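Novice: The structure follows.
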Amino acid sequence: MKTRRIVELLASAEVDSDVVVKGWVRTKRGNKNVAFIALNDGSCVKNVQVVVDLQKFGDEQLRQITTGACLRVDGRLVASPGSGQGVEVQAEKIEIYGTADPETYPLQKKGHSLEFLREIAYLRPRTNTFGAVLRIRHAMAFAIHEYFHTHGFYYFHTPIITGSDCEGAGAMFSVTTMDLNNVPRNEEGKVDFTQDFFGKPCNLTVSGQLEGELGALSLGRIYTFGPTFRAENSNTVRHASEFWMIEPEAAFYELEDNMELAEDFLKYLIRYALEHCREDLEFMNKMWDPELLDRLNFVVANDFKRLDYTEGIEILKASGRKFEFPCEWGDDLQSEHERYLVEEHFKRPVILINYPKAIKAFYMKQNEDGRTVRAMDVLFPKIGEIIGGSERENDYGKLCARVRELGMNEKDIWWYLDTRKWGSAPHSGFGLGFDRLLMFVTGLGNIRDVQPFPRTPKNAEF
Ligand code: 4AD
Ligand code: MG
């Protein structure tokens, strides 16, 4: 007989039929005559109740059915007399696939802290919280592809290994096959990369944007969705060394179009979660963040506030608030500033545009004023920056001048600069941090708890 997933069983009205369920024991309780096993197979946050008539089963077998054990149950689906569930399974046969010794299995009692679960990240998908988070993560990935597919954007695969530094921040992991104990040197005594695997210095990508722009300037609209890597030594709740990023890039989009896209896209994803992940979101709302559902509904229902960086700075300065970091014109905004604007001043998501050029990357379109660029950051409640993007500099001369001004090497990105020589066009794009999106949608406050296997400074376990 075919195994039924618990999510389907619980929704099914096929009572009084034979079923097979397979899953992991969450709890077992009962009395002299009957045992109740709560079985979960990861398909939903709810368990199915398996009712075991003790007279039909041997003591030895029942003893082995402990929290964490994996079972196959053949039985009958019946209407449940108990409250809390519509149906239950009356066990006729139980096969134990794998036992879980109560002395050693770490996920015994309920209610572990997130910190403890991080230490056993290889087991935490078996908890209700991580089951919910990982199902929501899947749903968001699916919705992202659906959104772009239905809006004329092509999924474009940019390389993971590159020789360029898109953000110019130098926070890169190098990729090499050189023997680090015996690095080849050239005549000047410098590392001789011509002997390395790729014949030049390479790194894991920090962003697929530069290659994404080539896609946009040929296919019109593209998006990337893949892992990105940053070797920033920042131990915050919002930074991971490996995270996923979604980067749409569109020809003929100006900053205004880019903002429209970002707002529509984010609202679509949140609406999708509200519609398709209801039970998991309700669980997160109950367990971790009682304002979660209200916040999600609010963001979907309200316009984002669009604002110039310069006005943002004026508001911060006029706030009378003592911030930890300074916020004079020209400073990069810190999370505390972003959250003040979003949570306290405007009380809604903010799209901040036209930042000083000195704090933004080389590729952003320069404004007439000579000191700002057509950048846009989308700032979200609880998160701060969730999206960073811009209109791109499409003028060859201005782009080269900026590259030189910043002391970058034109030779490293000759192919990128070339696109501005032939058939250049206005275009724009942005990057959405997938894991920050997940923090927002699940209500969890630490990026380490929305990734299955987080990588952060001094941590690459599992
Ligand atoms: O603002 P960032 O650095 O922008 C870029 O990389 C552009 N090339 C994107 C583009 O225009 N195509 O990063 C974009 C987003 C941030 O807003 C944030 O959500 C996320 O990526 N992000 C991180 N998420 C987790 N950990 C980190 N260390 C992150 N750094 C950036
Ligand atoms: Mg940014």
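Novice: Would you mind pulling out the separation of the Cα centroids of segment 117-190 and segment 343-418, in Å?
Specialist: 22
Novice: What's the FRET efficiency of ASP294 with GLN85 using the Cβ-Cβ distance as r and R₀ = 25 Å, to the nearest 0.05?
Specialist: 0.35
Novice: Relative to the longest principal Cα axis of the chain, at what angle does helix 309-318 sit, 0 to 90 degrees, rounded to 10?
Specialist: The angle comes out at about 70 degrees.
Novice: For the chain, just run the numbers: alpha carbon Rg, then divide by 2.2 N^0.38 Å, N being how many residues it has. If you can, show how the numbers build up before the last one.
Specialist: Values: Rg = 26.6 Å, N = 462, 2.2 N^0.38 = 22.6 Å.
Rg over 2.2 N^0.38 Å, computed on Cα atoms: 1.18.
Novice: Can you show me the helix-derived [θ] at 222 nm for the chain, built from DSSP H runs with n ≥ 4 at -39,500 (n - 2.57) apiece and divided by the number of residues, rounded to the nearest 500. Present the calculation step by step, with values, prior to reporting the outcome.
Specialist: Numbers: 13 runs with 132 residues, N = 462.
Helices in the chain give a 222 nm mean residue ellipticity of -8500 deg cm²/dmol.
Novice: To continue, here is another question. Plugging the Kirkwood radius over Cα pairs into Stokes-Einstein for segment 101-148, at a temperature of 20 °C and a viscosity of 1.002 mPa s, what D comes out in µm²/s?
Specialist: Reported coefficient: 174 µm²/s.
Novice: Hey, what D do you get for segment 341-436 in µm²/s if you plug the Kirkwood alpha-carbon radius into Stokes-Einstein at 20 °C and 1.002 mPa s? Display every interim value, and only then the final one.
Specialist: On the way: Rh = 14.6 Å.
Taking Rh from Cα pairs, D becomes 147 µm²/s.
Novice: Further question: Pop out the Kirkwood hydrodynamic radius of segment 218-369 from its pairwise C-alpha distances, inverse of mean 1/r, in Å to one decimal.
Specialist: Working: mean 1/r = 0.0549 Å⁻¹.
Hydrodynamic radius (Kirkwood, Cα only) of segment 218-369 equals 18.2 Å.
Novice: How much net charge surrounds LEU219 when only the other residues with a Cβ under 13 Å from the Cβ of LEU219 are counted, with Lys and Arg +1 and Asp and Glu -1? Mind showing how you got there, number by number?
Specialist: Numbers: positive: ARG221; negative: GLU211, GLU213, GLU249.
Combined, the nearby Lys, Arg, Asp and Glu give -2.
Novice: For LYS421, which lysines qualify as cross-link partners when the Cα separation must be under 18 Å and same-chain residues fewer than eight apart are set aside?
Specialist: Candidates past the 8-residue exclusion: LYS365, LYS398, LYS411.
Novice: Also: Take the alpha carbon atoms of segment 260-334, find their center, do the same for segment 201-231, and report the distance between the two centers in whole angstrom.
Specialist: Taking the Cα centre of each part, segment 260-334 and segment 201-231 sit 26 Å apart.
Novice: Between helix 396-405 and the chain, what is the angle of the helix's C-alpha long axis to the longest principal axis, kept within 0 to 90° and rounded to the nearest 10?
Specialist: Between helix and principal axis, roughly 90 degrees.
Novice: Over segment 42-186, what percent of the accessible surface lies on carbon and sulfur atoms, probe 1.4 Å?
Specialist: Numbers: 3970 of 7740 Å².
Looking at segment 42-186 in its full context, I get 51 percent from C and S.
Novice: Here is a further query. Could you compute how much accessible surface HIS276 exposes when probed at 1.4 Å, giving the result in Å² to the nearest 10?
Specialist: 110
Novice: So how tilted is helix 128-150 from the main axis of the chain? Cα-based, degrees 0 to 90, rounded to 10.
Specialist: That works out to roughly 50 degrees.
Novice: Let me ask you something else. Between TYR122 and THR99, what length comes free when the chain is fully extended (0.36 nm per residue of separation minus the Cα-Cα distance, one decimal in nm)?
Specialist: Details: separation 23, 0.36 × 23 = 8.28 nm, distance 1.76 nm.
Length gained, TYR122 through THR99: 6.5 nm.
Novice: Still on this structure, please answer the following. Tell me the per residue accessible area of the chain using a 1.4 Å probe; a whole number in Å² is fine.
Specialist: Roughly 48 Å² per residue, with all protein chains present.
Novice: What full-extension length gain, to one decimal in nm, is calculated for GLU260 and HIS145 as 0.36 nm per residue of separation minus the Cα-Cα distance? Please list the in-between numbers first.
Specialist: On the way: separation 115, 0.36 × 115 = 41.40 nm, distance 1.81 nm.
Separation in residues times 0.36 nm, less the Cα-Cα distance, equals 39.6 nm.
Novice: For a Förster distance of 35 Å, can you work out the FRET efficiency between the beta-carbons of GLN55 and SER12, rounded to the nearest 0.05?
Specialist: On the way: r = 28 Å, r/R0 = 0.80.
My answer for the efficiency is 0.80.
Novice: Right, another one. Counting only protein heavy atoms and using a 1.4 Å probe, what share of the accessible area of segment 264-348 belongs to carbon plus sulfur, as a whole percent? Mind showing how you got there, number by number?
Specialist: Values: 2090 of 4610 Å².
Solvent-exposed carbon and sulfur of segment 264-348 make up 45 percent of the total.
Novice: Okay, next question. Between rounded, prolate and oblate, where does segment 186-267 land on the alpha carbon gyration tensor, with a ≥ b ≥ c its root eigenvalues, rounded for a/c under 1.5, else prolate if a/b exceeds b/c?
Specialist: Numbers: a/c = 3.32, a/b = 1.66, b/c = 2.00.
It comes out oblate by the Cα gyration axes.
Novice: Evaluate E = 1/(1 + (r/R0)^6) for ILE315 and LYS109, where r is the Cβ-Cβ distance and R0 equals 51 Å; express this FRET efficiency to the nearest 0.05.
Specialist: Numbers: r = 48 Å, r/R0 = 0.94.
Plugging the Cβ-Cβ distance into 1/(1 + (r/R0)^6) gives 0.60.
Novice: Of GLU343, GLU115, GLU188, which has the most accessible area with a 1.4 Å probe, and how do the rest follow in descending order? Mind showing how you got there, number by number?
Specialist: Numbers: GLU343 65, GLU115 110, GLU188 145 Å².
Reading off the accessible areas and sorting them downward yields GLU188, GLU115, GLU343.
Novice: Follow-up question, since we're still on this one. Cα-Cα over 24 Å: which of LYS267/LYS357; LYS32/LYS286; LYS305/LYS360; LYS190/LYS360? Provide the component values of the computation, followed by the final result.
Specialist: Values: LYS267/LYS357 29 Å; LYS32/LYS286 34 Å; LYS305/LYS360 21 Å; LYS190/LYS360 31 Å.
Check vs 24 Å cut-off fails for LYS267/LYS357; LYS32/LYS286; LYS190/LYS360.
Novice: Using packing as a proxy for protection, rank 290-298, 86-94, 129-137 so that the peptide with the highest average count of other Cβ atoms within 10 Å comes first. Don't skip to the end; give the middle numbers.
Specialist: Values: 290-298: 15.1, 86-94: 17.8, 129-137: 21.3.
Packing proxy ranking, top to bottom: 129-137, 86-94, 290-298.
The values are calculated or read from the model by the stated rules, or taken from the named source; none is laboratory data. Since the model is a prediction, treat every value here as computed from it, not as a measurement. Using ideal geometry, Cβ is built from the backbone for each residue, glycine included, and neighbour counts are taken over all protein chains shown. Just the protein is used for accessible areas: all its heavy atoms, side chains included, with ligands, DNA and RNA removed. Shrake-Rupley method; radii C 1.70, N 1.55, O 1.52, S 1.80 Å.
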